[in-house]
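In what follows, a structure is listed as structure tokens, so that the remarks can point back to it.
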Amino acid sequence: MSAQRLESLLVSGVPLKLALEHSETSALSPLAIEAIRLGAPLNRVLKQLGEIEIELGRAEGELSQALAVPKATRALLMWLPAFALVFSQLIGLSSLSALLNPISLVSIALGTVLILIGRRLTNSMLIEPKIDSGVIGALQLFGVAIASGLGLSQILRRYPHLSSEPKVNELVMISKKTGCSLMNLVQSSIQQEIQKSSAALVTELRELSVRLLIPLGLTTLPAFLLFTIPPIFIGITNK
């Protein structure tokens, strides 16, 4: 938001010093701060950074939506034993006295332990994935440096870690061979990296619902049997 405010002020013709005073500079991204230090054309750079942030936000939103399916799958399966226990009470297959039977209490306790184990096993699988910002951040920094007017040799001297980034070297080679604008190549590559990473993670999350069935099947299915069979059996035999 502060970067967009700064961009709006600069577009309106407000001098940089005054625009910075009316922007939350502490909330500016390191790339925006670096652009200011390098004297890059801020209107264009901030606009490009803002567009990339929007793309990243959209990609993260898609990841959150994709993660909602395996989360719902886990919640449904983990509550299934409890629902089955309540349902057996409602239709008269079991009774309160059957639930208070020591055998039923032990089986329900064991089932609860299994459910907790299943929850623990699946917690690490349901961590929301993040788009790898390593390559994207390096390309953004490279783009900011290019926009500031630095030559390739100057950029690599100032940011030596960029020389070991394969994607940067690939774009430099393509630009030299084709004569295409290096800036345009960087911007298109950033978009491609975001889309590629997002698509791969969404696919992985869609497959997660299937992978979750393994630990959940090994825990919730026995828990379902422990929650239902002993109380129902005791309830029927006591009638």
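The values are calculated or read from the model by the stated rules, or taken from the named source; none is laboratory data. Just so we're clear, the structure is a prediction, and the values are computed from it rather than from any experiment. Reconstructed Cβ throughout: ideal geometry from the backbone, glycine too, with neighbour counts over all protein chains shown. Surface areas here come from the heavy atoms of the whole protein model, side chains and all, with no ligands, DNA or RNA. Shrake-Rupley method; radii C 1.70, N 1.55, O 1.52, S 1.80 Å.
What would the Debye equation give as log₁₀ I(q)/I(0) for region 119-204 at q = 0.16 Å⁻¹, counting only Cα atoms as equal point scatterers? Scattering profile of region 119-204, log10 relative to I(0): -0.66. Net length available on complete extension from K47 to L100 is 12.4 nm, with 0.36 nm assigned per residue and the Cα-Cα distance removed.
Here the accessible area is traced with a 1.4 Å probe on the protein chains. For region 186-239, carbon and sulfur cover 69 percent of it.
Please state, to two decimals, what the Cα-based radius of gyration of region 81-233 comes to when divided by 2.2 N^0.38 Å (N = residues).
Output field value: 1.91.
Averaging the sequence gap over all C-alpha pairs within less than 8 Å and six or more residues apart, then dividing by the number of residues, gives region 107-239 a relative contact order of 48 percent.
Helix 133-147 and the long axis of the chain differ in direction by around 20°, with both axes built from C-alpha atoms. Evaluated with a Cβ-only charge set (Lys, Arg +1; Asp, Glu -1), region 110-168 carries a dipole of roughly 100 debye about its Cα centre, given to the nearest 20.
Express the carbon and sulfur contribution to the solvent-accessible surface of region 80-144 as a percent, rounded to the nearest whole number, probe 1.4 angstrom. Provide the component values of the computation, followed by the final result.
On the way: 2660 of 3600 Å².
Ligands and nucleic acids excluded, carbon and sulfur give 74 percent.
For the chain, the relative contact order is 35 percent, taking Cα pairs closer than 8 Å that sit 6 or more residues apart in sequence and dividing their mean separation by the residue count.
Ordering A109, V135, M78 by Cα displacement along the dipole of region 52-142 toward the positive end leaves A109 in first place; charges were set at the Cβ atoms of Lys, Arg (+1) and Asp, Glu (-1).
Projecting the Cα positions of N43, S175, Q89 onto the charge dipole of the chain (unit charges on Cβ atoms of Lys, Arg, Asp and Glu, taken about the Cα centre) puts Q89 furthest along the positive direction. Calculated accessible area for the chain comes out at 57 Å² per residue, all protein chains present (probe 1.4 Å; ligands, DNA, RNA ignored). This model, with +1 at the C-beta of Lys and Arg and -1 at the C-beta of Asp and Glu, gives region 32-151 a dipole about its Cα centre of some 260 debye. In the chain, the DSSP-assigned H stretches of four residues or longer account for a calculated mean residue ellipticity at 222 nm of -27500 deg cm²/dmol, using -39500 (n - 2.57) per stretch and the full residue count as denominator. Sparsely packed loop sites in region 64-133 (the trypsin sites (Lys or Arg not before Pro) outside DSSP H, G, I, E and B with at most 13 other Cβ atoms within 10 Å) comprise K130.
Rounded to the nearest 20 debye, the dipole size of the chain about its Cα centre is 260 debye, using +1 on the Cβ of Lys and Arg and -1 on the Cβ of Asp and Glu. Comparing M173, M125, M183 in a Gaussian network model of the chain (Cα springs below 10 Å), the most mobile by mean-square fluctuation is M173.
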